[in-house]
1. Does LYS123 satisfy the condition of being exposed (fewer than 14 other Cβ atoms within 10 Å of the Cβ) and closer than 27 Å to LEU156 by Cα?
2. Might you check whether a residue that is among the hydrophobic types (A, V, I, L, M, F, W, C), in contact with a strand residue (DSSP E or B) (Cβ under 6 Å, 6 or more places away or on another chain) and at pLDDT 95 or above occurs anywhere in the range 90-99?
3. Quickly run through the range 151-167 and pick out the residues that are buried (at least 21 other Cβ atoms within 10 Å of the Cβ) and over 14 Å from LEU85 (Cβ atoms).
4. If you go through the range 150-167, how many residues are more than 18 Å from PHE49 (Cβ to Cβ) and either touching a His at 6+ places or on another chain (Cβ under 7 Å) or in a helix (DSSP H, G or I) (or both)?
5. Which of the residues that make up the range 67-81 are of a type outside the set (Gly, Ala, Ser), surrounded by 19 or more Cβ atoms within 10 Å (Cβ to Cβ) and assigned to a strand (DSSP E or B)?
6. Just need a number here: residues in the range 43-66 that are in a loop (DSSP other than H, G, I, E, B) and crowded, with 18+ Cβ neighbours inside 10 Å.
7. Could you tell me which residue of the range 1-39 is nearest to ALA120 (Cα to Cα), considering only residues that are outside any helix (DSSP H, G or I) and either more than 26 Å from the chain's Cα centre (by Cα) or among the charged types (D, E, K, R) (or both)?
8. Evaluate the following for SER24: is it loosely packed, with under 14 Cβ neighbours inside 10 Å and in contact with a helix residue (DSSP H, G or I) (Cβ under 9 Å, 6 or more places away or on another chain)?
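The values are calculated or read from the model by the stated rules, or taken from the named source; none is laboratory data. Treat the numbers as computed from the prediction; the structure is a model and nothing was measured. Positions of Cβ are generated from backbone atoms using ideal geometry, with glycine treated the same way; all protein chains shown enter the neighbour counts.
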Amino acid sequence: MNIDKNVVLRYLGYNPGKTNINNSMQEKIDYYISLGLTLLEPNTTYRIFNTVNINSTGVELPEADLILPGKDIVKHLKHSKKVCLVAATIGPQLESKVAELFRQKEYAGGTILDAVGSDAVEKVADQLQDKLKFIAKKQGYHITWRFCSGYGDVPLEINRKLAAAVNAESIGIRVTNTNMLIPRKSILGIVGFNLREETAIPLANKCSYCNATNCPYRNRSDSCAKSNGNITQ
């Protein structure tokens, strides 16, 4: 896996042309990128649902006894004949190291390593997305970008049901009482299988659906926000 240093810098609040980074900090970032790679325990799982019922208020997956509420998910899946729920994580080791660094008051190192984890979990999810693209193509479908709870009007409260439906616990993901994911660098997503190729919104711009308008992880080169929604914290 390759960690994108430019993405890590964006997570750290780097603003090209405005933020100066000295050589010492550059070396520190390179060090924690290398360290982060040794701490990754990537894992994914997914489940494809062949029956999809869509109405004006939500999307029903009868096989999972699950309703995905909201007009935005309806818009996202309106052409979908199948729906795939996905889960991805980088495991707990990196987060444990981040916590250790903060306990040791190594705040810069902890913050950098946390940013490395954010990019890493996106990479893991993107690799799964590539696998799904291949599976869908063999069946005559195109896939949508992955939609997460917290985007638009889809509430975080759906996380527990999403996790159960995709058996996220099998790869070590659990949902807290406040609907956050543990490990934090984990992703639950919703991907549609369409008969026509998705062109409505580029993958890189999917954060236009995210409600976190003041997110520090905003992509400063675009009006849209984070590289993914409810998970990269």
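1. Considered against the rule, which asks whether it is exposed (fewer than 14 other Cβ atoms within 10 Å of the Cβ) and closer than 27 Å to LEU156 by Cα, LYS123 comes out as no.
2. No - not one qualifying residue is present in the range 90-99.
3. TYR151 - this is the single residue of the range 151-167 that is buried (at least 21 other Cβ atoms within 10 Å of the Cβ) and over 14 Å from LEU85 (Cβ atoms).
4. Within the range 150-167, the first condition is being more than 18 Å from PHE49 (Cβ to Cβ), and the residues that meet it are 150-153, 155-157.
Add one more test, that the residue is either touching a His at 6+ places or on another chain (Cβ under 7 Å) or in a helix (DSSP H, G or I) (or both), and what stays is 156-157.
Of the residues in that region, 2 qualify.
5. Result: LEU68, single match.
6. Going through the range 43-66 one residue at a time, the tally reaches 1.
7. To start, the set of residues in the range 1-39 that are outside any helix (DSSP H, G or I) comprises 1-4, 12-22.
With either more than 26 Å from the chain's Cα centre (by Cα) or among the charged types (D, E, K, R) (or both) added as a condition, the list becomes 4, 17-22.
Details: ASP4: 9, GLY17: 26, LYS18: 26, THR19: 24, ASN20: 24, ILE21: 22, ASN22: 24 Å.
The qualifying residue nearest to ALA120 (Cα to Cα) is ASP4.
8. Taking the combined requirement at face value, the residue does not satisfy it.
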